[in-house]
C-alpha cells in the first residue's frame, strides 16, 4: 500500500481533489467528514464536547456556530477541543487502514497534515494549490465567512509556499476542473508505476 497524505490550505480545492480520487476508484479517508460524524447527531464526542464547552451541543449534534465562538481566538480552548477530537479521528483512521490493508493506494485527506505532524505517517505528500487571489475569493464567498476569520485561519496554517516546497506532488487547482482532474489521473498513474518497479 502507498499511503498518500492529501492536504492544502483553506480554499485550495482539497475536497474537490479528494472527490476526484474517489471518482478514479481510490480509497479516501476524509478526516473532516469523520469529525462531522463524531460531532453529529448521536456522535461519540458529544458528551465530552458538551462537558468542556457547555451549551455547544444539542439533539442535532454540535452547534458549530456556538462551538466556533467558544474557541475562536482562544488557543487554550482550541487545544482542549483538539485533545477531544484528534485521538478519536486517529482511531477511526487506523480502523479504516486496517479494513483496507490490501488496497494498493489509499489517500488520507487531512487538512492539517503538516501542522499536526501527520506527514510523518504517510509515504507521499500531495498538496493542492491555487493562486492566493483565487483562494481568497473562494473562501470569502462561503456563508458566514469574513476577512477576519479568513486571516485567523490562515495564521494557523503553514503557508502555501511552504506546503508546496515540502510536497512530493503538487496538484494545481487554479485552472479548469479538467486540468485538475488530469493532474490527479497523472499522479495515480505515477504512483501505480512506482509500485510496479
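Structural remarks
- Note on the chain: helix-only mean residue ellipticity at 222 nm, from DSSP H runs of 4+ residues weighted -39500 (n - 2.57) and normalised by residue number, equals -16500 deg cm²/dmol.
- Using alpha-carbon coordinates, inclination of helix 147-156 to the longest axis of the chain, degrees: 70 degrees
- Among 180-193, 116-129, the order from most to least packed when residues are scored by Cβ within 10 Å on average: 116-129, 180-193
- Modelled label positions at residue 100 and residue 112, each set 7 Å beyond Cα in the direction of Cβ, lie 2.3 nm from each other.
- For the chain, the relative contact order works out to 35 percent when only alpha carbon pairs closer than 8 Å and six or more residues apart are counted.
- Choice from 93, 164, 69 showing the highest fluctuation, given a GNM over the chain with Cα pairs closer than 10 Å: 69
- Placing a pseudo-label 7 Å from each Cα along the Cα-to-Cβ vector at residue 52 and residue 64 gives an inter-label distance of 1.8 nm.
- Rh (Kirkwood; distinct C-alpha pairs) - the range 1-94, Å: 14.8 Å
- Placing a pseudo-label 7 Å from each Cα along the Cα-to-Cβ vector at residue 16 and residue 74 gives an inter-label distance of 3.6 nm.
- P(r) histogram, all alpha-carbon pairs of the chain included - 10 Å bins from 0, percent: 8, 32, 36, 20, 4, 0
- FRET efficiency, residue 193 to residue 162 (Cβ-Cβ, R0 35 Å, nearest 0.05): 0.80
- A straight line joining the Cα centroids of the range 1-76 and the range 133-187 runs 18 Å.
All of the numbers you see were taken from the coordinates with simple rules; none came from a lab. None of these values were measured; they are calculated from a predicted model. When we count neighbours, we look across all protein chains shown, and the Cβ atoms used for this are built from the backbone with ideal geometry, even at glycine.
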